[in-house]
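The values are calculated or read from the model by the stated rules, or taken from the named source; none is laboratory data. Remember, it's a predicted structure, so these values are computed and weren't measured experimentally. Every residue, glycine among them, receives a Cβ derived from its backbone with ideal geometry; neighbour counts consider all protein chains shown.
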Amino acid sequence: MSRTEVSGMKPPLVPLATLIGRELRNEKVEKPSIKYGQAALAKKGEDYFLIRPDCQRIPGNSASSFSVFAIFDGHNGISAAIFAKENLLNNVMSAIPQGIGREEWLQSLPRALVAGFVKTDIEFQRRGETSGTTVTLVVIDGWTVTVASVGDSRCILDTHGGLVSLLTVDHRLEENSEERERVTASGGEVGRLNVYGGTEVGPLRCWPGGLCLSRSIGDMDVGEYIVPIPHVKQVKLSNAGGRLIIASDGIWDALPSEMAAKSCQGLPADLAAKLVVKEALRSRGLKDDTTCLVVDIIPPKHSVLPRTPKKKQNKLSSFIFWKRPQNSMTKSTSKLSSVGIVEELFEEGSAILAERLGKDFPMTNSEIFRCAVCQEDQPPSDGLSVDSESFFSPALQPREGPFLCTNCRMKKDAMEGKRSSPMTVTI
Ligand SMILES: [Zn+2]
């Protein structure tokens with residue numbers, strides 16, 4: 001069944017007992033176990049992290065459990081990082097339709113992540129504080145790993161055969177020409193700091209504000225083209241499992257991905273995290289906050305991640321992804337799993353909200369309109385402005401696209417450079 005077909009349906013009303021029965025039959029047998037470790041050294045004290053190993057899709061049903069790990073690297077203060085740590089996960093989860101099965105839940109996750117990130121940004125900016133934060137949020141359900149990120153904290157995957165892959169994209173103006181073009185097209189200026197009689201120094205930054213990142217949560221003083229819309233990637237590991245290393249730029253500025261992975265191979269997760277931090281320090285000293293989470297996804301009947309066989313590796317092709325053909329969410333992956341290929345289920349990095357929410361973002365019913373971002377219900381008569389853009393449905397045409405409340409629509413326009421910040425408007 002295709003993604004479109006699934007999410008276009010109304011959430012089915014499945015009795016709880018049926019759902020629990022399905023979960024027990026489908027997942028209990030072959031679910032991997034999760035072990036994790038964390039290590040950090042503070043320079044400015046602006047890194048925060050979140051570890052939630054025991055979340056449940058169906059409350060009270062341990063077979064529906066999933067895990068969440070996240071890193072928030074704050075800048076210009078700590079409040080955005082703390083706010084995101086406390087609110088982001090709830091905002092993401094509240095954007096997933098209720099009463100759906102596991103496959104649909106996983107398919108809803110990428111869009112819910114977009115809605116949750118944007119909602120968290122709007123809520124934080126309402127407080128009128130100027131700090132900002134990167135976010136790298138990882139959701140692990142069985143063998144499926146979903147990563148959403150803004151900024152330059154990074155998540156890598158070390159899998160079968162010691163092959164290493166990046167699951168995030170760095171939103172640094174210096175390194176991302178696509179993002180530079182987007183920011184410039186939306187009205188921002190990109191350039192280096194000018195000192196010493198005209199000499200340019202340091203990385204490329206966005207002006208006004210001087211931020212080197214093109215995406216973040218918070219940063220209301222920088223301009224709305226610094227957007228909170230995350231890059232999202234969803235992969236399914238083979239039954240050999242794998243190791244995730246999630247870390248702030250204090251690690252990645254000191255260690256290439258392969259070196260970070262290699263430095264801790266064969267060690268349990270808690271020791272691995274400590275060693276990666278130590279290795280970063282050894283090569284660069286403590287120049288920045290340095291936080292590292294190591295998460296092992298371990299096959300059943302193993303107590304630690306199995307040692308990867310020493311193989312001759314082609315350094316140029318560092319990773320093998322098998323891309324699932326469109327319109328197939330089938331069970332044809334068992335052969336692939338056995339040979340250790342990671343299956344790519346989803347990847348999208350567009351900064352345009354309309355492209356991320358899709359036309360069929362679920363709504364409750366025709367009487368009540370639920371905003372696709374903030375999830376607040378509004379009566380259809382609530383005086384919404386209708387602009388020339390037909391994608392987002394005005395109140396009188398509920399079936400043509402996702403509904404946005406007035407505030408979220410203004411946020412969308414501001415992010416695309418069409419309007420000044422919605423925060424100047426009385427709510
Ligand atoms: Zn809204």
Inset, instruction - Count, please, the residues in the stretch 246-296 that happen to be within 17 Å of residue 151 (Cβ to Cβ) and in contact with a Lys or Arg (Cβ under 9 Å, 6 or more places away or on another chain). - result: 13
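Based on what the data block shows, is residue 146 within 16 Å of the ligand (Cβ to nearest atom) and either over 30 Å from residue 77 (Cα atoms) or touching a Pro at 6+ places or on another chain (Cβ under 8 Å) (or both)?
No; evaluated as a whole, the condition is false for this residue.
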Inset, instruction - Take the stretch 119-162 and flag every residue that is among the hydroxyl-bearing types (Ser, Thr, Tyr) and modelled with pLDDT under 95. - result: 130, 159
Inset, instruction - Determine whether the stretch 262-278 contains at least one residue that is basic (Lys, Arg) and touching a Ser or Thr at 6+ places or on another chain (Cβ under 7 Å). - result: no
Legend entry - Checking residue 73 against (1) surrounded by 15 or more Cβ atoms within 10 Å (Cβ to Cβ); (2) assigned to a helix (DSSP H, G or I), the condition it does not meet: (2)
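Scanning for something under 20 Å from the mean Cα position of the chain (by Cα) and of a type in the set (Lys, Arg), does the stretch 187-200 turn up at least one residue?
Within the stretch 187-200, not a single residue is under 20 Å from the mean Cα position of the chain (by Cα) and of a type in the set (Lys, Arg).
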Inset, instruction - Give the residue that is modelled with the lowest pLDDT, with candidates limited to residues of the stretch 400-425 that are within 10 Å of the ligand (Cβ to nearest atom) and assigned to a loop (DSSP other than H, G, I, E, B). - result: 403
Inset, instruction - Considering only residues that are hydroxyl-bearing (Ser, Thr, Tyr) and surrounded by fewer than 24 Cβ atoms within 10 Å (Cβ to Cβ), look in the stretch 235-266 and name the one that is farthest from residue 50 (Cα to Cα). - result: 238
